[in-house]
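First up is the structure itself, then whatever we jot down about it.
The values are calculated or read from the model by the stated rules, or taken from the named source; none is laboratory data. Just so it is clear, the model here is predicted, and its values are computed rather than measured. Note that we place each Cβ from the backbone using ideal geometry, even for glycine, and neighbour counts take in every protein chain shown.
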Amino acid sequence: MKRPTVAFILCAAFAVSGCSSYRPAPAAFHEATSKPYVVDAGDRIRVTVFEQDSLTNIYAVDQSGYISFPLVGAVPARGHTVQQIERLIADKLRNGYLRDPDVSVEVDRYRSIFVMGEVGAAGQYSYVPGLTVQKAVASAGGFTPRANQTNVDITRTINNEVMTGRVPTSDPVLPGDTIYVRERLF
C-alpha cells in the first residue's frame, strides 16, 4: 500500500483549514438591510424646527450617541430612527419652550464604511444610499489581480453586537460596515 506524500497531506490540511474559516452571513445581515435606518455615532443629522430658524441646523451624533440640541441639551440619537428622534426633540421642546413644535429630522451624512484587503486603495470611504459591495470596492480602486471577486467578508454591528459574515458582491452595504476582500486560492 502506498503512503501519502507529505505534499499531499499539507495540501489536504490547507484545504480543510480554508474551509473551517467560512462564515456564512447571519440572518440578521439580510434583515438589517430592510429595516428602517438606525442612527449611530459618526452620523450627522439635519434637524428642522419649522418657524424656528435658530434651532434648525445640522447636528453630529457624538461617540456617546447623543446630539447637543439648543434649549434642551443632550438628546439620545444612537439606536433610534429619524422618526423617533423627531418625537424625542418635539417632546423636549414642548416641555416649556414651544407650544406645538413641528420637528423634521433626516440623515445629512452617514457614517463611513471601510474597505480592506485585496483592493487597489484600502481605506475609509463615504457611504451613500444604495451602495453595494461591488460599488464600494470600485470606489476603493477595484479588485487586485489576486482578489476573490465572488464574495467578501463584512463586519457589521447589529443590535449592539458585532457580526461577521460572508456575502456575495451584489449584497448591499450599510453605514459603518467593514468590507474585507480576501485573496483567492487559485
message: Quick check on Val152: is it within 25 Å of Phe186 (Cβ to Cβ), touching an Asp or Glu at 6+ places or on another chain (Cβ under 9 Å), of a type in the set (Val, Ile, Thr) and surrounded by 19 or more Cβ atoms within 10 Å (Cβ to Cβ)?
response: yes
Whichever residue in the stretch 24-67 is within 13 Å of the chain's Cα centre (by Cα) and acidic (Asp, Glu) and, among such residues, is modelled with the lowest pLDDT: Asp40
message: I'm told Pro101 meets every condition in (1) touching a residue at least 40 places away in the same chain (Cβ under 8 Å); (2) over 17 Å from the mean Cα position of the chain (by Cα); (3) surrounded by fewer than 18 Cβ atoms within 10 Å (Cβ to Cβ) except one. Can you identify the failing condition by its number?
response: (3)
- line: Selection from the stretch 132-184 of residues aliphatic (A, V, I, L, M) and farther than 18 Å from Pro24 by Cα yields Ala136, Val137, Ala138, Ala140, Ala147
task: Go through the stretch 82-137 and count every residue that is of a type in the set (D, E, K, R), in contact with a helix residue (DSSP H, G or I) (Cβ under 7 Å, 6 or more places away or on another chain) and under 21 Å from Asp171 (Cα atoms).
output: 0
- request: Would you please name the residue that is surrounded by the fewest Cβ atoms within 10 Å (Cβ to Cβ), looking only at residues in the stretch 165-178 that are among the hydroxyl-bearing types (Ser, Thr, Tyr) and over 21 Å from Gly79 (Cβ atoms)?
  value: Ser170
task: Just give me the residues in the stretch 117-133 being under 11 Å from Asp177 (Cβ atoms) and hydrophobic (A, V, I, L, M, F, W, C), in sequence order.
output: Leu131, Val133
- prompt: Does the stretch 137-146 include one or more residues that are basic (Lys, Arg), in a loop (DSSP other than H, G, I, E, B) and crowded, with 16+ Cβ neighbours inside 10 Å?
  reply: no
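Yes/no per residue for (1) within 26 Å of Ile154 (Cα to Cα); (2) outside any loop (DSSP other than H, G, I, E, B); (3) not polar (S, T, N, Q):
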position	(1), (2), (3)
Ser34	yes, no, no
Gly42	yes, no, yes
Asp62	yes, no, yes
Asp91	no, yes, yes
Gly96	no, no, yes
Asp100	no, no, yes
